[in-house]
Amino acid sequence: MRVLYLYAHPLEDSFHAAIRDAALAGLREAGHDVDLCDLYAEGFDPVLRAEHRRIYHDEAAIREPVACYVHRLMRAEAIVLSYPTWCFGLPAILKGFFDRVFIPGVSFTLSEGVARPALTHIRRIAGISTYGRPRWTAILMGDPPRKSVTRYLRMLTGGRARASYTALYDMNRADAARRTAFLAEVGRRMRAF
């Protein structure tokens, strides 16, 4: 499968870099064609500016500034999102990717004001994240990052894609053994993707 791997962490020496490496190794070992989209390293501009919003419903015009990312998304058969959970949400750069790239004519179509899913070519979606707090606090907050992957993105595929989510909760207190076990789990899940 052609996999678009959306990676959103600014530090190259972070635990998330190790997560990314374990996931990429698992995906490649399984024979997938992986397109690593490192949003920070690529200097992705996540800001939907006034001029973008004014042309938002002009599909050709709004697509032009992010055409290379749209091409990568449309080429993919699967999406893996890898990111830390900050303030019980997605990192701003990843949320901005949704705002700038998941646009009319790409992730949905509008007909008489009704949005219809357009990412029907996506067959699999996976999220990989870490949380600084325990799972119960994420549940208390409604776990928006998990829902972004398992509900929102899946909805854009017309419910056709299978979605999975792998998270390391309470990262602030995770010892080396727990982090190592998580990396092994990520690799295992990506090999089975």
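The values are calculated or read from the model by the stated rules, or taken from the named source; none is laboratory data. Since we're looking at a predicted model, the values are computed, not measured. Counting neighbours? That spans all protein chains shown, and the Cβs are built from the backbone with ideal geometry, glycine included.
Test each condition in (1) crowded, with 20+ Cβ neighbours inside 10 Å; (2) over 21 Å from residue 9 (Cβ atoms) for residue 83 and report the one that comes out false.
(2) is the only condition that residue 83 fails.
Quickly run through the range 141-170 and pick out the residues that are out of contact with any Pro (no Cβ under 8 Å at 6 or more places or on another chain) and assigned to a helix (DSSP H, G or I).
144, 145, 146, 147, 148, 149, 150, 151, 152, 153, 154
Select from the range 130-140 the residues that are surrounded by 15 or more Cβ atoms within 10 Å (Cβ to Cβ) and out of contact with any His (no Cβ under 9 Å at 6 or more places or on another chain) and list them in ascending order. Even if it seems obvious, please write down each step before you answer.
Applying the first criterion (surrounded by 15 or more Cβ atoms within 10 Å (Cβ to Cβ)) to the range 130-140 yields 130-133, 138.
Selection gives 131, 132, 133, 138.
Would you say residue 3 is modelled with pLDDT of 95 or more, within 14 Å of the chain's Cα centre (by Cα) and of a type in the set (Val, Ile, Thr)?
Working: modelled with pLDDT of 95 or more: yes; within 14 Å of the chain's Cα centre (by Cα): yes; of a type in the set (Val, Ile, Thr): yes.
Spelling it out, residue 3 is indeed modelled with pLDDT of 95 or more, within 14 Å of the chain's Cα centre (by Cα) and of a type in the set (Val, Ile, Thr).
For residue 173, only one of the following conditions fails: (1) exposed (fewer than 14 other Cβ atoms within 10 Å of the Cβ); (2) farther than 23 Å from residue 11 by Cα; (3) not small (Gly, Ala, Ser). What is its number?
(2)
Does residue 115 qualify as being under 26 Å from residue 68 (Cα atoms), surrounded by 20 or more Cβ atoms within 10 Å (Cβ to Cβ) and touching a strand residue (DSSP E or B) at 6+ places or on another chain (Cβ under 7 Å)? It would help to see each step written out before you state the result.
Values: under 26 Å from residue 68 (Cα atoms): yes; surrounded by 20 or more Cβ atoms within 10 Å (Cβ to Cβ): no; touching a strand residue (DSSP E or B) at 6+ places or on another chain (Cβ under 7 Å): yes.
It is false that residue 115 is under 26 Å from residue 68 (Cα atoms), surrounded by 20 or more Cβ atoms within 10 Å (Cβ to Cβ) and touching a strand residue (DSSP E or B) at 6+ places or on another chain (Cβ under 7 Å).
Does the range 126-170 hold any residues that are under 20 Å from residue 105 (Cβ atoms) and hydrophobic (A, V, I, L, M, F, W, C), and which are they?
Within the range 126-170, 153, 155, 156, 161 meet the criteria.
Can you list residue pairs whose Cβ atoms sit under 6 Å apart, with the first residue in the range 111-136 being more than 27 Å from residue 170 (Cα to Cα) and of a type in the set (A, V, I, L, M) and the second being assigned to a loop (DSSP other than H, G, I, E, B) and modelled with pLDDT of 95 or more? Count only pairs 6 or more apart in sequence or on different chains.
If the second residue must be assigned to a loop (DSSP other than H, G, I, E, B) and modelled with pLDDT of 95 or more, the pairs left are 118/107; 119/107; 119/157; 122/157; 122/161.
Take the range 141-154 and flag every residue that is surrounded by fewer than 20 Cβ atoms within 10 Å (Cβ to Cβ) and small (Gly, Ala, Ser).
Matches in the range 141-154: 142 only.
Working carefully through the options 61, 78, 41, 67, find the one that is at pLDDT 95 or above and over 21 Å from residue 119 (Cβ atoms).
Values: 61 fails: over 21 Å from residue 119 (Cβ atoms); 78 fails: over 21 Å from residue 119 (Cβ atoms); 67 fails: over 21 Å from residue 119 (Cβ atoms).
Result of the check over 61, 78, 41, 67: 41.
To keep it simple, each residue is scored yes or no on (1) under 16 Å from residue 189 (Cβ atoms); (2) acidic (Asp, Glu); (3) free of Cβ contacts under 8 Å to residues at least 40 places away in the same chain.
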position	(1), (2), (3)
19	yes, no, no
44	no, no, no
65	no, no, yes
84	no, no, no
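For residues in the range 47-80 being of a type in the set (Gly, Ala, Ser) and within 30 Å of residue 168 (Cα to Cα), which is surrounded by the fewest Cβ atoms within 10 Å (Cβ to Cβ)? First the steps, then the outcome.
We begin by selecting, within the range 47-80, every residue of a type in the set (Gly, Ala, Ser); these are 50, 60-61, 67, 76, 78.
Filter once more, keeping what is within 30 Å of residue 168 (Cα to Cα): 76, 78.
Details: 76: 24, 78: 22.
So, considering only residues that are of a type in the set (Gly, Ala, Ser) and within 30 Å of residue 168 (Cα to Cα), the one surrounded by the fewest Cβ atoms within 10 Å (Cβ to Cβ) is 78.
Could you tell me whether any residue of the range 118-134 is part of a helix (DSSP H, G or I), of a type in the set (D, E, K, R) and closer than 25 Å to residue 33 by Cα? It would help to see each step written out before you state the result.
Initially, the range 118-134 is screened for residues part of a helix (DSSP H, G or I), giving none.
Within the range 118-134, not a single residue is part of a helix (DSSP H, G or I), of a type in the set (D, E, K, R) and closer than 25 Å to residue 33 by Cα.
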